[in-house]
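The values are calculated or read from the model by the stated rules, or taken from the named source; none is laboratory data. Note that this is a predicted model, so its numbers are computed, not measured. Reconstructed Cβ throughout: ideal geometry from the backbone, glycine too, with neighbour counts over all protein chains shown.
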Amino acid sequence: MKITRSNISTIVTVLAVLVLIAAIPSAVRDTLETGRVYLFSAQFLEELPQRLTGPGRFRFVLQPLVAIFLGWRSGLSDARAGRPAYLYGLLTGEANRKDSLRSGWAAIRDLVALAIILDAGSQLLIYGQVHPGAAVIVGPVLITIPYAVARALTNRVVRPGQRVNS
């Protein structure tokens, strides 16, 4: 069997889903015992700074940098194709919104899945349990915001009339 990028993407995505599914029983037990949903609690906000200093803190630098690189690459592609800046196109609908979202997701899908896995692992090391809602929010936020901003700014800086080098 030949290993392709598509196979790797599928494996990483399935792994992220399995990690989240495995964490659900302890999250439900925690909610029943404490009467609160971790993601919407004061404890989540209090523990957020621990993620910056605990195991896996380097991902708070590495993941956004990779997302910025991917956004830059996609922004160059947008500029070459004459598409509007990414965020502007999404908000105004001038570009085909569905295609823009699809291309953005395709560029960062693996990174988001890895972010979820890394966040879950960090939670396990720091807190001794995994809160799946927090993993779904914290990990992907490190990716999606830098990606979208970098893609939009790259397109804006590289004007369609200019020569685009890659």
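Residue count for the stretch 93-110 satisfying the condition of being crowded, with 21+ Cβ neighbours inside 10 Å and either under 22 Å from PHE58 (Cβ atoms) or β-branched (Val, Ile, Thr) (or both): 1. Picking from residues in the stretch 114-146 that are surrounded by fewer than 22 Cβ atoms within 10 Å (Cβ to Cβ) and under 20 Å from SER6 (Cβ atoms), the one that is modelled with the lowest pLDDT is LEU114.
Give the residues of the stretch 1-33 that are assigned to a helix (DSSP H, G or I), within 23 Å of ALA107 (Cβ to Cβ) and not hydrophobic (A, V, I, L, M, F, W, C), sorted by residue number. Hits for the stretch 1-33 are ARG5, SER6, ASN7, SER9, THR10, THR13. For the stretch 64-84, the candidate set comprises residues that are buried (at least 19 other Cβ atoms within 10 Å of the Cβ) and of a type in the set (Gly, Ala, Ser); within that set, the residue that is farthest from the chain's Cα centre (by Cα) is ALA79.
Just checking, does the stretch 18-39 include any residue being surrounded by fewer than 11 Cβ atoms within 10 Å (Cβ to Cβ), within 17 Å of the chain's Cα centre (by Cα) and among the β-branched types (Val, Ile, Thr)? There is no residue in the stretch 18-39 that is surrounded by fewer than 11 Cβ atoms within 10 Å (Cβ to Cβ), within 17 Å of the chain's Cα centre (by Cα) and among the β-branched types (Val, Ile, Thr).
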